[in-house]
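Okay, structure first, notes after.
The values are calculated or read from the model by the stated rules, or taken from the named source; none is laboratory data. The structure presented is a predicted model; accordingly, all values stated were derived computationally and were not measured. Quick reminder, even Gly has a Cβ in these numbers, built from the backbone with ideal geometry, and neighbours come from all protein chains shown.
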Amino acid sequence: MNWIILIIAGLFETTFAFCLGKARQTSGVEMYCWYAGFLIALIISMVLLIKATQTLPIGTAYAVWTGIGAVGTVILGIFVFKEPSNFWRMFFLVTLIGSVIGLKLVSK
């Protein structure tokens, strides 16, 4: 169950990074709404990470959490913010995904 909580926490990490990106593109009230979304997603992500680390090793949980956030943010950057996607970027993204899966497989 804590692995599922950790995955959800990682998705909220991606959400708060997305909100930062959207806030950067807007101004006025809309910008503050995106910053509010950032704070809400940040709090949810941290609370879930804390919950997951009650039974999972902290090093593994943190690496998986940041890995999910990094992968999700890169994917959102490519599809939403029109960031470049070249061979090397995709290569290292795949190796990051493999590393996160590997950490999950070798952890108790």
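The C-beta contact set for segment 40-57 (first residue among the charged types (D, E, K, R) and at pLDDT 95 or above, second residue in a helix (DSSP H, G or I) and surrounded by fewer than 21 Cβ atoms within 10 Å (Cβ to Cβ), distance under 7 angstrom, 6+ apart or interchain) comprises LYS51/ILE5.
Within segment 56-108, the residues that satisfy the criterion of being in a loop (DSSP other than H, G, I, E, B) and of a type in the set (A, V, I, L, M, F, W, C) are LEU56, VAL80, PHE81.
Taking the conditions (1) loosely packed, with under 15 Cβ neighbours inside 10 Å; (2) in contact with a helix residue (DSSP H, G or I) (Cβ under 8 Å, 6 or more places away or on another chain); (3) assigned to a helix (DSSP H, G or I); (4) not small (Gly, Ala, Ser) in turn, CYS33 satisfies each one other than (2).
Here's a check for you: in segment 65-83, which residue that is touching a Gly at 6+ places or on another chain (Cβ under 7 Å) and of a type in the set (A, V, I, L, M, F, W, C) is surrounded by the most Cβ atoms within 10 Å (Cβ to Cβ)? Per the stated criteria, the residue is TRP65.
Do you know which residues across segment 84-108 are modelled with pLDDT under 95, exposed (fewer than 14 other Cβ atoms within 10 Å of the Cβ) and of a type in the set (Val, Ile, Thr)? Matches in segment 84-108: ILE101, VAL106.
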